Amino acid sequence: MRISESSYQEIKKLIQLAIEPYRKSQEQSVVTDIHLQPIRETGEFIVSDDDSVLASAQLSDLSDIPEDIFYDVMENSLKSVLKLIDREQPLEQLSIWKPFSFVLVDDDKETVAELMLFDEDNALLGQSLMQGLDEELDDFLKTLLAD
């Protein structure tokens, strides 16, 4: 199961809006994490830093995702969105003290998954990002060789 294309694009816009001040600032911010908080029951999606809400919106199809797979679906979708944003304009260039992370959090703001971590020299994929990578590469290679 996946989120809709419209929700995917809305999440991308929200994250970009939320991090825009960190792209423009010349001064390093003390923020240590950017929290991505989807709320299944209300359909709200919140982007926040350690202290405040940076952006939020209502996404009607969040409540359509079954509860037992909600965070798995969101983790995969958010990893994809972050990779796309990073390709367009590298996230490591944000004026945030390193290390910092993009994390998926639940309703209680407890970390569900670390989506992307940036240290002084590198962008690091969280452990959960690496899971399934071999299978994805194998599938890609099989498809490529079949053509």
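Quick check, is residue 8 in contact (Cβ under 8 Å) with a residue 24 or more places away in the chain, over 15 Å from the mean Cα position of the chain (by Cα), crowded, with 16+ Cβ neighbours inside 10 Å and in a helix (DSSP H, G or I)?
In short, no.
Inclusion of residue 7 among residues that are of a type in the set (S, T, N, Q), at pLDDT 90 or above and in contact with an Asp or Glu (Cβ under 6 Å, 6 or more places away or on another chain) is warranted. If the condition is being within 18 Å of residue 10 (Cα to Cα), open to solvent by 40 Å² or more (accessible area, probe 1.4 Å) and not polar (S, T, N, Q), then segment 72-83 contributes only 83.
Picking from residues in segment 11-35 that are at pLDDT below 90, open to solvent by 40 Å² or more (accessible area, probe 1.4 Å) and in a helix (DSSP H, G or I), the one that is farthest from residue 81 (Cα to Cα) is 24. Here residue 41 meets the list (1) modelled with pLDDT of 90 or more; (2) outside any loop (DSSP other than H, G, I, E, B) almost entirely, failing just condition (2).
Taken over segment 88-116, the criterion of being surrounded by 15 or more Cβ atoms within 10 Å (Cβ to Cβ), hydrophobic (A, V, I, L, M, F, W, C) and at pLDDT below 90 is satisfied by 91, 94, 96, 100. Considering segment 44-62, and only residues there that are among the hydroxyl-bearing types (Ser, Thr, Tyr) and either assigned to a loop (DSSP other than H, G, I, E, B) or modelled with pLDDT of 90 or more (or both), the residue that is farthest from the chain's Cα centre (by Cα) turns out to be 52. Of the residues making up segment 61-77, those that are within 11 Å of residue 39 (Cα to Cα) and without any contact (Cβ under 8 Å) to a residue 40 or more places away in the chain are 63, 67, 70. Any residue in segment 67-76 that is at negative phi and touching a Ser or Thr at 6+ places or on another chain (Cβ under 8 Å)? Yes, segment 67-76 contains at least one residue that is at negative phi and touching a Ser or Thr at 6+ places or on another chain (Cβ under 8 Å). Residue pairs whose Cβ atoms lie under 8 Å apart, separated by 6 or more positions or on different chains, with the first residue in segment 78-90 and over 21 Å from residue 6 (Cβ atoms) and the second buried (at least 18 other Cβ atoms within 10 Å of the Cβ) and not charged (D, E, K, R), are 86/116.
The values are calculated or read from the model by the stated rules, or taken from the named source; none is laboratory data. The model shown is predicted, which means the values in this text are computed figures rather than measured ones. Using ideal geometry, Cβ is built from the backbone for each residue, glycine included, and neighbour counts are taken over all protein chains shown. Only protein heavy atoms, including side chains, enter the accessible area calculation; ligands, DNA and RNA are left aside. Shrake-Rupley method; radii C 1.70, N 1.55, O 1.52, S 1.80 Å.
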